[in-house]
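For reference, the structure is listed below as structure tokens.
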Amino acid sequence: MMDTLLANDIKQHDEVRQGEAFAPFMMDNNAYKKRFFIESYGCAMNFADSEVVASILQSNGYGATKNCEEADLIFINTCSIREKAEATVRKRLTEFRKLKKVNPGILVGVLGCMAERLKEKFIQEEKLVDLVVGPDAYRTLPGLIEEAETGQKAVNVLLSRDETYADIAPIRLNSNGVNAFVSIMRGCNNMCSFCVVPFTRGRERSRDANSIIHECEELFNSGYREVTLLGQNVDSYYWQASPGLSEGGQTRVPVTFAGLLEMVALISPLLRVRFSTSHPKDITDEVLFTIARHANICNYIHLPVQSGSSRVLQLMNRTYSREWYIAKVNRIREIIPDCGLSTDMITGFCTETEEDHLQSLSLMEYCKYDLAYMYFYSERPGTLAARRFKDDIPEDVKKRRLQEMVDLHRIHSLQSMQRDVGKICRVLVEGFSKKTAEDLQGRNDQNKVVVFPKGNLKKGDYVNVKIESCTAGTLIGTPLPG
Ligand code: SAM
Ligand code: SF4
């Protein structure tokens, strides 16, 4: 069933990685008491969380396996954002049911947003599930596993106001050794009416800036060359050391997102910095000027708009109008002229008329996004929209509008690629191209995939590439000497 369409074959990390399983320490000869298997769905935050879970499990004597058939513990880190995301998880559980029939000793744990949304109901609905653990309760996993081993069902879905897992060093799972996600905050206070996130991930809280810097430094020192700072609304990052903590020489000056970006950028000019996601109402000039000032903060902003109609935006509780959003895009282009821009769009939200839909298309025409993630509206139980509005747009209309939007965006993204032909861009090498080991691939500042002959280059190098041609999703070029 089509519920998500991407404009071209460049896909968001999280889209490509759905269902990815990890074996972070396959070569590790330690004698672990049990083996766990973990696979993740949904947004980048979930993938980052799985790395925290792996760290907690490893330090409690559990080793990872990439093969679910040899696992004692199977974890599935779930997403609730759309109905389809939940259906995918349910389908995957039926496969684990078969495994459990063969080996009844296996424990199956559901983590993340679906666990939080459904709580104990999950165990009633899916008999094979032994553990249900919400996103703020991962520290309690070892105890919950012990409880489940006695035959009890173990549930912890308590949300926290301060958990950020700041002190836990994530174990990088299936990493290419070049790019890493670094979680800078958790939760969301925005209450967009269509969105389940505030209910599944709780109140917004920012992680200790010192621990973020420390994690980024460690990554850089072990060879990583790009970090993506993650949060549902990174621009509202705000952290201040508590009075007790400031004695160890730490500053009590509050750190804003602009300040944090700068601190990370100053670690090394060779460390690229990206971030996601920005909320149009919160991204400030200070952030834009910080990006413009530092060559290693990538000129790329993901700025979800959701709709081009001010009337629909109001129903969505996005707290900005079409005009306000356009002014923000103008400001970005004024301060960072070559900034790559991407967005999220929803078609068929409650009461959306053809006129509203045309407004969304005309906004896309104005912004000419380099990349867009487009979805049709999926009502989520418990959200403001589900409580207040009727999901009144027929599915065929939602899908037709989505298709029109995708068709329009395809034109814009191809034009965006074509505009780069003839240019020279700086690329961070990420590994071999998908098609041949003779070519390497990486991304440019604006997050576009660039493929080029490998020569003497290797992962983690920076190289200037002259772009000679393109497809809808890839720039193709030749590396320049030096
Ligand atoms: N925090 C980010 C923001 O505000 O843009 C993104 C959060 S969400 C994980 C990613 C995208 O999923 C949203 O930007 C929205 O386009 C889409 N989305 C969220 N709820 C949805 C729903 N009920 N139906 C369809 N798409 C939805
Ligand atoms: Fe959901 Fe809105 Fe928060 Fe994004 S900002 S996570 S869309 S409530």
Looking across the range 186-221 at residues that are over 19 Å from the mean Cα position of the chain (by Cα) and either crowded, with 22+ Cβ neighbours inside 10 Å or without any contact (Cβ under 8 Å) to a residue 12 or more places away in the chain (or both), the single one that is farthest from ligand 2 (Cβ to nearest atom) is N221
Going through the range 445-481 in order, the residues found to be closer than 24 Å to Q415 by Cα and touching a residue at least 60 places away in the same chain (Cβ under 8 Å) are D445, Q446, N447, K448, V449, T471, A472, G473, T474
Residues of the range 468-477 being modelled with pLDDT of 95 or more and under 22 Å from E226 (Cα atoms), in sequence order, are T474, L475, I476, G477
Among (1) surrounded by 13 or more Cβ atoms within 10 Å (Cβ to Cβ); (2) among the hydrophobic types (A, V, I, L, M, F, W, C); (3) outside any helix (DSSP H, G or I), L414 falls short only on (3)
For strands (runs of 3 or more DSSP E) lying entirely in the range 421-481, having 2 or more residues that are of a type outside the set (K, R) and under 21 Å from L270 (Cβ atoms) picks out 424-432, 439-443, 449-453, 462-470
Item to complete: Confirm whether D344 is surrounded by fewer than 20 Cβ atoms within 10 Å (Cβ to Cβ), under 25 Å from the mean Cα position of the chain (by Cα), of a type outside the set (A, V, I, L, M) and closer than 15 Å to R401 by Cα.
Response: yes
Scanning the range 66-99 residue by residue, those hydroxyl-bearing (S, T, Y), surrounded by 23 or more Cβ atoms within 10 Å (Cβ to Cβ) and without any contact (Cβ under 8 Å) to a residue 60 or more places away in the chain turn out to be T78
Only unsatisfied item for P304, checking (1) within 16 Å of ligand 2 (Cβ to nearest atom); (2) of a type outside the set (V, I, T); (3) within 30 Å of R225 (Cβ to Cβ); (4) surrounded by fewer than 17 Cβ atoms within 10 Å (Cβ to Cβ), is (4)
Within the range 132-178, restricting to residues that are under 16 Å from S50 (Cα atoms) and in a strand (DSSP E or B), the one that is farthest from the chain's Cα centre (by Cα) is V132
Only one of (1) more than 16 Å from ligand 2 (Cβ to nearest atom); (2) in a helix (DSSP H, G or I); (3) surrounded by 20 or more Cβ atoms within 10 Å (Cβ to Cβ) does not apply to D235, and that is (1)
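The values are calculated or read from the model by the stated rules, or taken from the named source; none is laboratory data. The structure displayed is predicted, hence computed values, not measured ones. When we count neighbours, we look across all protein chains shown, and the Cβ atoms used for this are built from the backbone with ideal geometry, even at glycine.
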